[in-house]
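Okay, so here's the structure we're looking at.
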Amino acid sequence: MTAKTLAKVGLVAAILAVTLSWGADHWLNTRAHELINRPVSIEKGVLNSGPFVIEHEESYWFEIELDSSVDDWIGGSCASKNLHEAAWRMYRLDKKEPAKTELWISSQWFYGRQRGFAYEFEPATGKYWLQWDAPGDVSCLNVRHPRLRIWTVADEDEYLNVLSQDACLFFGGLGVVFVMLGRSSWIGKHLAEKPTPRMFPEMELRNVIPWKRREPMPLIKEAPNFGLLYGGILWILMFVFIIERPWPPQGLLVNFRERPAVGVEKSPWTRTVSVYVDGQRRFLVNGQPVLGDQLKARLEQELGKQMVWTVYLEADSHCLYMDVVHAMDTIQGLGAKLVWITPKTREEWKQKSIR
């Protein structure tokens with residue numbers, strides 16, 4: 001193969017690689033991996049998704065997403081499982097007659113995979129409609145920002161895109177190498193035909209400076225310096241172990257031996273510091289409402305009057321989880337001891353007071 005042909009082949013390969021790479025990215029962007037992702041309102045009745053189109057026969061998932069809440073862990077009256085245990089149905093719309101529908105799958109005869117509260121289904125191409133029964137006792141879940149999602153996992157498409165991009169990168173780099181080899185040999189041959197201009201072309205070129213040979217390098221006959229060799233290895237190991245060391249544990253201390261005990265010492269002061277997080281994103285410090293950005297300053301003011309820095313934290317069952325975490329971080333960041341009063345602990349205290 002001549003130099004010019006090699007350069008042409010390399011140029012064509014590079015252009016095709018760039019074109020195929022752009023086409024693979026464009027193909028991945030045109031794939032609809034999330035069909036529906038919109039907020040919904042949970043009221044008594046039927047929750048409709050509206051019609052959505054399935055263009056590719058793949059595995060799809062659907063669920064109603066909710067913000068995290070303590071009720072999901074302690075089994076409160078407004079837990080998300082009350083909604084996900086309700087009945088749902090998916091209909092398939094006829095292409096010729098959109099008003100005509102057929103029941104394609106429902107919660108009563110669903111035998112697919114389930115991850116948490118998400119359900120998997122493998123539909124054929126077409127138009128579908130999802131209906132979800134909303135009982136009247138779950139309207140309290142609206143404060144947790146419910147969203148209806150129907151999506152498909154893009155792992156297979158992304159895997160194919162990565163393979164195509166790797167192939168394009170390989171052939172594109174090979175084409176660039178062919179172009180460089182072909183052009184370099186062609187340029188070298190072209191320049192060799194033209195003699196280099198000289199000031200005195202009749203004079204013969206010769207080297208007038210004698211070559212000086214260096215003495216041969218002595219063989220290594222002694223052991224290497226211990227400090228330089230093994231000291232570097234020890235420093236590398238020390239650096240690795242310092243980075244990989246486990247971080248000290250952080251969080252709340254939990255006492256499993258004494259269940260009714262709060263786990264704090266009795267304070268000689270009659271007035272204590274308490275923080276209550278309600279369901280309207282407000283923080284109550286000793287009964288006085290403050291904003292989230294003012295919580296730290298107010299706690300510093302209250303703790304400055306105390307000898308024992310202990311803060312009792314209690315949260316409403318409808319509050320956001322992020323607000324409780326913000327209160328915990330603020331209290332522990334000030335160096336105070338945190339005592340978390342859970343709804344179950346509060347109920348036990350009430351029962352003891354009645355007795």
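The values are calculated or read from the model by the stated rules, or taken from the named source; none is laboratory data. Being a predicted model, the structure only gives us computed values, none of them experimental. Cβ placement follows ideal geometry from the backbone for every residue including glycine, while neighbour counts extend to all protein chains displayed.
One table, with the values for the structure above:
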quantity: Residue match in region 310-330 (condition: aromatic (Phe, Trp, Tyr), part of a helix (DSSP H, G or I) and closer than 27 Å to Cys78 by Cβ); calculated: yes
quantity: Scope region 90-100; condition of a type in the set (D, E, K, R) and at pLDDT below 85; matching residues; calculated: Asp94, Lys95, Lys96, Glu97, Lys100
quantity: Per-region count, region 32-55, residues outside any strand (DSSP E or B), over 19 Å from Asp133 (Cβ atoms) and modelled with pLDDT of 75 or more; calculated: 1
quantity: Candidate set: region 284-295, residues that are touching a Ser or Thr at 6+ places or on another chain (Cβ under 9 Å) and not in a helix (DSSP H, G or I); chosen: the one farthest from Leu141 (Cα to Cα); calculated: Asn286
quantity: Residue in region 104-125 that is outside the structural domain of Lys344 (by TED's automatic domain parsing), of a type outside the set (Gly, Ala, Ser), at pLDDT below 75 and outside any loop (DSSP other than H, G, I, E, B) present; calculated: yes
quantity: When residues of region 173-199 are limited to those that are part of a loop (DSSP other than H, G, I, E, B) and at pLDDT 75 or above, the one surrounded by the most Cβ atoms within 10 Å (Cβ to Cβ); calculated: Arg198
quantity: Within region 83-96, considering residues that are charged (D, E, K, R) and touching a residue at least 12 places away in the same chain (Cβ under 8 Å), the one surrounded by the most Cβ atoms within 10 Å (Cβ to Cβ); calculated: Arg92
quantity: Pairs, first touching a residue at least 12 places away in the same chain (Cβ under 8 Å) and aromatic (Phe, Trp, Tyr) in region 97-117, second part of a loop (DSSP other than H, G, I, E, B) and surrounded by 10 or more Cβ atoms within 10 Å (Cβ to Cβ), C-beta under 8 Å, six or more apart; calculated: Trp104/Pro123; Phe117/Ser80
quantity: Any hit, region 267-285, residues being at positive phi and at pLDDT 70 or above; calculated: yes
quantity: Tally, over region 314-337, of residues that are surrounded by fewer than 19 Cβ atoms within 10 Å (Cβ to Cβ), of a type in the set (A, V, I, L, M, F, W, C) and either within 11 Å of Val273 (Cα to Cα) or more than 27 Å from the chain's Cα centre (by Cα) (or both); calculated: 1
quantity: Hey, Tyr60 modelled with pLDDT of 80 or more and among the hydroxyl-bearing types (Ser, Thr, Tyr) or not; calculated: yes
